[in-house]
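Presented below is the structure to which this report refers.
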Amino acid sequence: YVLLTNANAEKGYDLILKVAALLPTVPFDVIASQSPLADAVHAYEAAGLTNVTAIDRVDDMDPIYSNAAIVVVPSYRFKESFSRVCIEAQRYEKPVIGSDQGNVPYLLEHSGVVLPPALTAPSSAGGLSRQATIPVTMSST
């Protein structure tokens, strides 16, 4: 699965829902770590997405990172002064796709994909498909 560790819109959850719609065969797991789980679930259910699952905050991230195929850090509205998620994902040797905001591009300079400034769902889906170790088929919708 593709992992997003924060279901807030400012951290890119809205963008990930659009990407998930373009990649209906790819599973996405989202953690509602700083927002209500019900809100995260409502958002993907309202969008009619069956490939997204949201879970509540967890104390042990080891199984979450271990089972992820790719980690995304699409914080395009929020400038990350430091992205712990990038570092943790790299520790688990997971590919990371991140925004060009704040410190994220520097953390991914040699070990990830930085999405372009004109961040869109198609460009994000394209970045994901290039890094995927899971089968990816883009939908035309």
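The values are calculated or read from the model by the stated rules, or taken from the named source; none is laboratory data. Not measured: the values here are computed from a predicted model. Every residue, glycine as well, gets a Cβ built from its backbone with ideal geometry; the counts of neighbours run over all protein chains shown. When the accessible area is computed, the model is the full protein with side chains, heavy atoms only, and any ligands, DNA or RNA have been set aside. Shrake-Rupley method; radii C 1.70, N 1.55, O 1.52, S 1.80 Å.
When the stretch 39-58 is examined, which residues are found to be closer than 13 Å to Phe28 by Cα and surrounded by 14 or more Cβ atoms within 10 Å (Cβ to Cβ)?
Ala40, Val41, Tyr44, Leu49, Asn51, Val52, Thr53, Ala54, Ile55
Check off (1) open to solvent by 10 Å² or more (accessible area, probe 1.4 Å); (2) without any contact (Cβ under 8 Å) to a residue 40 or more places away in the chain for Lys18 and give me the number that stays unchecked.
(2)
Which of the residues belonging to the stretch 87-133 are open to solvent by 40 Å² or more (accessible area, probe 1.4 Å), at pLDDT below 55 and not in a helix (DSSP H, G or I)?
Thr120, Thr133
Can you find even one residue in the stretch 73-91 that is among the acidic types (Asp, Glu) and within 25 Å of Pro116 (Cβ to Cβ)?
Yes: the stretch 73-91 contains one or more residues that are among the acidic types (Asp, Glu) and within 25 Å of Pro116 (Cβ to Cβ).
Any idea which residue in the stretch 28-38 is nearest to Ala89 (Cα to Cα), counting only those that are open to solvent by 60 Å² or more (accessible area, probe 1.4 Å) and either in a loop (DSSP other than H, G, I, E, B) or touching a residue at least 24 places away in the same chain (Cβ under 8 Å) (or both)?
Top of the filtered list is Gln34.
Looking only at the stretch 59-68, decide whether some residue is open to solvent by less than 30 Å² (accessible area, probe 1.4 Å), at pLDDT 90 or above and part of a strand (DSSP E or B).
No, the stretch 59-68 contains no residue that is open to solvent by less than 30 Å² (accessible area, probe 1.4 Å), at pLDDT 90 or above and part of a strand (DSSP E or B).
Can you tell me which of (1) under 17 Å from Gly12 (Cα atoms); (2) open to solvent by 30 Å² or more (accessible area, probe 1.4 Å); (3) modelled with pLDDT of 80 or more is the one Lys79 doesn't meet?
(3)
Does Gly48 fit the bill of being assigned to a loop (DSSP other than H, G, I, E, B), out of contact with any Pro (no Cβ under 7 Å at 6 or more places or on another chain), among the small types (Gly, Ala, Ser) and at pLDDT 90 or above? Give the steps one after another, and end with the answer.
On the way: assigned to a loop (DSSP other than H, G, I, E, B): yes; out of contact with any Pro (no Cβ under 7 Å at 6 or more places or on another chain): yes; among the small types (Gly, Ala, Ser): yes; at pLDDT 90 or above: yes.
Criteria met by Gly48.
Under 8 Å by Cβ, and 6 or more places apart or on different chains, what pairs join a residue from the stretch 56-75 that is among the basic types (Lys, Arg) with one that is in a loop (DSSP other than H, G, I, E, B) and surrounded by 17 or more Cβ atoms within 10 Å (Cβ to Cβ)?
Sorted first by the residue in the stretch 56-75, then by its partner, the pairs are Arg57/Ser33.
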